[in-house]
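The values are calculated or read from the model by the stated rules, or taken from the named source; none is laboratory data. All values reported here derive from a predicted model rather than from experimental measurement. Using ideal geometry, Cβ is built from the backbone for each residue, glycine included, and neighbour counts are taken over all protein chains shown.
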């Protein structure tokens, strides 16, 4: 009985005690959001000094009872900087959690698999959407331009239809493509330029595989580096709808500095042109021809994404529309895209099915690049229009009305990209998964061109259409095994892969159409004698076996070994198959006992890697075969019905020994993070050597039947250092400042261009590659491939100023230094020096300031030590062009007269620092019905600091023979760069 | 059994998994070609493709400019082109001069293709029924390519088999190349078709072969030091006496847009606006604004021209007719009409260019202006400089309208271009006879036939035996064959090659300029090649 009572009393006491305790506790509720205002699920809220904690729900809401005496809570989540908040009596909190500068648990895609960032053993950079630049984006790569050490992205001018140039760790080849392999959700793109068809808003992150040990898993296609693009995926839960859109205006940044009509007249008079001639060319106008061909261009972009799912199913679907007017009249791009990605898990999550469907269509209006020549040749005294509104008609050498040409011509393209992908994985037994993958990519480009009889030109009207397809099929069978025992962790991956690539195209052209209104839509309507039809097709197969093993001991010592065996039908019969091994190791010092007490250090990892990769881009599908191709037609008048039969001629010296270029790379790096992950970074140094470099060598004809042969002979080296740093410098409740930056040093050197082909020595040196171009230039090489120098090294005469008179031997008053420091007007007698035009380093610096709901971001990027040959001013800044051609203001002060010559005077410092992007954003919080609303304004290319005298120091380099030559003539024109302002919105609701 | 099946399945799988399918499209593997007579004809045709670069390519530049009938002055920046055109005129070229390098490639690409084709067609099974004709025709054509190469570069690599080991290849002395060409021609010339008809148009015939042989012998003294005048005359006779050719009654019909039916042309390179490109003769010489009278679409390139010294060889006396405001001239010697001189007027020029040339007008609005300078477009022959930035200098030199342009066509004219024609053979015959001391009235007759054709049948301009001198023949060749790719060779043979010339060409210090240097890029391709005497050794 007593015991009963005692029990009851105790129970009552307990209830009392508990209720008293409950009364003494605080119920704390709140929501955790990220910087975009999106609720964060599964965030841990811990009452400081206790073990009491809770997790946020799927919308980021939480609520729990705080033990008495707790004054602050700690909020932590994987990938975010821990935050400690003093409660100060509040019952409800809204917490913005900032993503950690670098999260060790981020998933990094490394090709045929993923690892967590902390387990990466090679040089791999990951960049997520929060770090993307906004603005009028032509190509998704612009989102990360300047942000990844070692990755140099160049946007040549503002043409919405031109592709960016992407280079990872320097120049890798002399004849082949150098663009990194772009892998979209696990599938390599057939052509890296197809990336421009991926809506930027659909992209979640990029993983950049930089060092050879990381890219070796892509074997014969990995030598240029690999960029893995990951699109946004769905997640199960309530349906979420997002909208991202902007509207923007582009205007021309910079100008050529051409003379206006009054300046042209005065300059012509000063140059001694007689009054009658000036009068004859003065048609009474004052035309700014650059303005005449350009406009303020309006762009708008809309992207709607819907995601959701339930049970084992999730999906994301998005639609995208972009309408971008070109800066140049009658040019632009319209893009429409649809994308669906879905995942179904079944059979106790053992079966995992992924499907993705994507379709993008671009309608393009191209620019006729000849127009830019006419802007610079036409005197400003010519009007654009006659008084009656018709185009003012004129024609001369490289001179006609550019406005008429661009407006009257039809110059369109439509491309359609369809990508289908499915993958099925099944967990056979625990830790062992097998799967298959299949994908199809179909790219179709149709172009249409019509040139009417242009006013004053008197050409025959002409039209053509082309239709080209790039198709690929890919399939793989893969197997993954992971296991852990004790402190050992092992992962194994094996893949068999089959790729088939088919290119085909056809074109038709006609001339002399009776009805111009039909444009190019009645190609058969012209003079049948001028009809031309053509078609082309090629095909090749790539088969690969690859395996990778990863091992770590106690998350301290890591080793990754991979090998890939690639066979390609492109390769010569003697070298069909190649092996591409790699090994890399990492040591996480932080996990060693001697560093475990160092609280301020969160991560310290050393890694080292070695690998072998290939580049097969320079090899055509049939380069190894003795083939006959259609040659010129020949005349056989005895055949009255068919007097111009097709001839067939050997089109190449077949090289059955051809194989991939081989890049052998070594990388050493360190990665660190400190002060609660607020500061971090990585430093990588690499030393790569490419041998069996493909180059087109001169061979004697005969016995060879064409004068060149593609052979694996040369060598080059790439050496560099990359530093990437990031940090949350200030992080308080209301205000934060984070910054990240990178600096890249890369030097490429040609180390050999000789060897032998089947016993015949073949060698090249001092191979001319880039030429000074323009009226009067013919065969003036200025850049070379020279052993011991960087590719595209300049070899230029040393300029010594101008003389008093025009020397008759050179037609010019320019002088040059001879070897013995005397001056000469003859450039052939001048001392010539080598100049390395490549940058000493490239860099980018990003700063983000947040104050409450406001975020200000600015991104600076630059290049230091780059030199460009200013071919534009070389040709245009010369008073001797007057009066028939216009000149620049620079031409009025440089005192150069007579013929232009390519001397080092025109090799100009083209270092620059550009304010690439400035974004001010406001995030609305707690709007009813909305999960997130962010409104922003962005200005791009707001200023550029540069000593360079040309229009813009950022030109297409590294991808053509004319690298480092800034040209605006003969169709190689520089499309003006834009300065843009956009107003954008990101909104999402559930 | 189970093991067997597994093994079999595995091996099938492995085989299909690693089969690197290669389907060849758009080009044909060599072994799949050469199956029908038509395919063989189409496979042999590339032997001729390189010819499209001969009459109006870099060969043309080398064969004319170092002589005296063609000059490309640098007009400001235009045509300065690193000084290469000046080098050709002044005899200052080097192993890297663009035309010196390119002409070699053009000629040897023909030889390279012929060697390949010969090796293929002679190994076909069954052999083509016309194999001996194919062999003979290709060997005579190859001998002609070698004759051009030897004429320009002297000591050249001689490769007659596709299987030759490239690593052992070096120069052959000029006289040995001569011997090879002579033997090759003599061995094969009688096996080549003597048919002169549509079915051999543009092809090497027996008579084309005799023309090459005549050129070889006529210049034998230059090539070997030993004259072969009688052999040259005999080779000419083989053409003349065949009776297959006669002079075309109108000189310009040999060069017109439709010149297929010329009875005078012996060996031509067919061109066509759409199908066979490379005839840019009129673009090279016409001014940008000549579109207004000659209809060269988009204007010409304002380059090649002739100066006063050469033009003075022509009889420019004319008959003038006034129609309204305009005065038209018709040249007495039709050949003077191949060059246009003086003010140009905006009225469609008529064919043939020797008649009814609008030479002056009282209607000032008809005057064509140079659009760039605003100056009257008026060509003048007398200039003292090879290079000048002067606005007026843009109009220096007379322009040729020999291959009269088709209106509205810019580059890629359809006029077939002439390699050999009967008038040249007549003049060679006469010259060989004069030089050999065997000239008769027959030779005089050949020359007078040409002169009568030029003077519209007027015999008052006929020569006498006394006029039949080497000096006169040199001038007559200049008038008749201007810009037809013989002038450098003729100048060497007539001893004028090394002389000083206006504008700005000094006398050659020695004779090494009579052959061009081995191109530097050929030395890169084959380091065993030795440079010709007088030039910087490799």
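Of everything in the stretch A:479-495, what is surrounded by 17 or more Cβ atoms within 10 Å (Cβ to Cβ) and within 14 Å of another protein chain (Cβ to nearest Cβ)? Give them in sequence order.
Of everything in the stretch A:479-495, just one residue is surrounded by 17 or more Cβ atoms within 10 Å (Cβ to Cβ) and within 14 Å of another protein chain (Cβ to nearest Cβ), namely A:495.
For (1) within 30 Å of residue A:538 (Cα to Cα); (2) in contact (Cβ under 8 Å) with a residue 40 or more places away in the chain; (3) buried (at least 16 other Cβ atoms within 10 Å of the Cβ), each residue gets a yes or a no:
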{"position": "A:589", "(1), (2), (3)": "no, no, yes"}
{"position": "A:603", "(1), (2), (3)": "no, yes, yes"}
{"position": "A:613", "(1), (2), (3)": "yes, yes, yes"}
{"position": "A:619", "(1), (2), (3)": "yes, yes, yes"}
{"position": "A:628", "(1), (2), (3)": "yes, no, yes"}
{"position": "A:631", "(1), (2), (3)": "yes, no, yes"}
{"position": "A:655", "(1), (2), (3)": "yes, yes, yes"}
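Please find, within the stretch A:272-289, the residue that is nearest to the chain's Cα centre (by Cα) out of those that are more than 10 Å from every other protein chain (Cβ to nearest Cβ) and assigned to a loop (DSSP other than H, G, I, E, B).
A:288
So which strands (runs of 3 or more DSSP E) are wholly in the stretch A:714-816 and hold at least 1 residues that are within 14 Å of chain B (Cβ to nearest Cβ) and in contact with a strand residue (DSSP E or B) (Cβ under 6 Å, 6 or more places away or on another chain)?
Once the strands (runs of 3 or more DSSP E) in the stretch A:714-816 are filtered for at least 1 residues that are within 14 Å of chain B (Cβ to nearest Cβ) and in contact with a strand residue (DSSP E or B) (Cβ under 6 Å, 6 or more places away or on another chain), what remains is A:754-757, A:760-763, A:767-771, A:781-785, A:793-797, A:799-807.
For the stretch B:204-212, does any single residue satisfy the condition of being assigned by TED's automatic domain parsing to the domain that holds residue B:240 and part of a loop (DSSP other than H, G, I, E, B)?
yes
Go through the stretch B:164-178 residue by residue and tally those that are part of a helix (DSSP H, G or I) and more than 11 Å from chain A (Cβ to nearest Cβ).
Selection size over the stretch B:164-178: 5.
Would you confirm, using the coordinates I've provided, whether residue A:220 is within 23 Å of the chain's Cα centre (by Cα), crowded, with 16+ Cβ neighbours inside 10 Å and outside the structural domain of residue A:887 (by TED's automatic domain parsing)?
yes
Six or more apart or on different chains, Cβ atoms under 6 Å: show the pairs whose first residue is in the stretch B:328-346 and on the phi > 0 side of the Ramachandran plot and whose second is surrounded by fewer than 24 Cβ atoms within 10 Å (Cβ to Cβ) and assigned to a strand (DSSP E or B).
Short answer, once both residue conditions are applied: B:342/B:378.
Can you tell me which of (1) in contact with a helix residue (DSSP H, G or I) (Cβ under 8 Å, 6 or more places away or on another chain); (2) more than 30 Å from residue B:524 (Cβ to Cβ) is the one residue B:158 doesn't meet?
The failed condition is (2).
Does residue B:479 qualify as being touching a helix residue (DSSP H, G or I) at 6+ places or on another chain (Cβ under 6 Å), within 27 Å of residue B:75 (Cα to Cα) and away from chain A (no Cβ under 14 Å)?
For residue B:479, the condition - touching a helix residue (DSSP H, G or I) at 6+ places or on another chain (Cβ under 6 Å), within 27 Å of residue B:75 (Cα to Cα) and away from chain A (no Cβ under 14 Å) - is met.
Please verify whether the stretch A:745-755 includes one or more residues that are touching a helix residue (DSSP H, G or I) at 6+ places or on another chain (Cβ under 9 Å) and in the same structural domain as residue A:871 (by TED's automatic domain parsing).
No; the residues of the stretch A:745-755 include none that is touching a helix residue (DSSP H, G or I) at 6+ places or on another chain (Cβ under 9 Å) and in the same structural domain as residue A:871 (by TED's automatic domain parsing).
Do you know which residues across the stretch B:47-57 are within 14 Å of chain A (Cβ to nearest Cβ) and either in a loop (DSSP other than H, G, I, E, B) or at pLDDT below 90 (or both)?
B:54, B:57
Just for the stretch A:878-934: of the residues that are on the phi > 0 side of the Ramachandran plot and out of contact with any helix residue (DSSP H, G or I) (no Cβ under 8 Å at 6 or more places or on another chain), which one is nearest to the other protein chains (Cβ to nearest Cβ)?
In this case the residue turns out to be A:895.
Condition test on residue B:390, is it more than 30 Å from residue B:233 (Cα to Cα), within 12 Å of chain A (Cβ to nearest Cβ) and surrounded by fewer than 18 Cβ atoms within 10 Å (Cβ to Cβ)?
yes
Go through the residues of the stretch B:278-285 one by one and say whether even a single one is at positive phi and in contact (Cβ under 8 Å) with a residue 12 or more places away in the chain.
The answer is yes; a qualifying residue exists.
Condition (residue is more than 14 Å from chain A (Cβ to nearest Cβ), within 24 Å of residue B:416 (Cβ to Cβ) and in contact with a strand residue (DSSP E or B) (Cβ under 7 Å, 6 or more places away or on another chain)) applied to the stretch B:307-330: is it met by at least one residue?
No, the conditions are met nowhere in the stretch B:307-330.
Take residues that are within 13 Å of chain B (Cβ to nearest Cβ) and tell me which of the strands (runs of 3 or more DSSP E) falling wholly in the stretch A:519-627 contain 1 or more.
In the stretch A:519-627, the matching strands (runs of 3 or more DSSP E) lie at A:532-553, A:557-568, A:577-588.
Go over the candidates B:353, B:381, B:405 one by one and state the one that is surrounded by 18 or more Cβ atoms within 10 Å (Cβ to Cβ), out of contact with any strand residue (DSSP E or B) (no Cβ under 8 Å at 6 or more places or on another chain) and either within 14 Å of another protein chain (Cβ to nearest Cβ) or at negative phi (or both).
Unique residue meeting the criteria: B:405.
So residue A:837 fits all but one of (1) over 39 Å from the mean Cα position of the chain (by Cα); (2) closer than 17 Å to residue A:904 by Cα; what number is the exception?
For residue A:837, the failing item is (1).
For residue B:395, only one of the following conditions fails: (1) surrounded by fewer than 21 Cβ atoms within 10 Å (Cβ to Cβ); (2) more than 12 Å from chain A (Cβ to nearest Cβ); (3) farther than 30 Å from residue B:49 by Cβ. What is its number?
Here residue B:395 clears every test but (1).
Does any residue in the stretch A:722-734 that is under 13 Å from residue A:83 (Cα atoms) come within less than 7 Å, Cβ to Cβ, of a residue that is part of a strand (DSSP E or B) six or more places away or on a different chain, and which pairs are these?
Correct list of pairs: A:728/A:736; A:728/A:738; A:730/A:736; A:730/A:737; A:734/A:851.
Any residue at all in the stretch A:322-342 that's free of Cβ contacts under 8 Å to residues at least 24 places away in the same chain and surrounded by fewer than 16 Cβ atoms within 10 Å (Cβ to Cβ)?
yes
Which ones in the stretch B:1-46 are assigned to a loop (DSSP other than H, G, I, E, B), at pLDDT below 85 and either surrounded by 10 or more Cβ atoms within 10 Å (Cβ to Cβ) or within 10 Å of chain A (Cβ to nearest Cβ) (or both)?
Within the stretch B:1-46, B:18, B:19, B:20, B:21, B:22 meet the criteria.
With the structure loaded, tell me whether residue A:121 is assigned to a strand (DSSP E or B) and either at pLDDT 80 or above or in contact with a helix residue (DSSP H, G or I) (Cβ under 7 Å, 6 or more places away or on another chain) (or both) or whether it fails that test.
The answer is no for residue A:121.
In the set B:527, B:503, which member is in a loop (DSSP other than H, G, I, E, B), within 14 Å of chain A (Cβ to nearest Cβ) and closer than 13 Å to residue B:66 by Cα?
Being in a loop (DSSP other than H, G, I, E, B), within 14 Å of chain A (Cβ to nearest Cβ) and closer than 13 Å to residue B:66 by Cα holds for just one of B:527, B:503, which is B:503.
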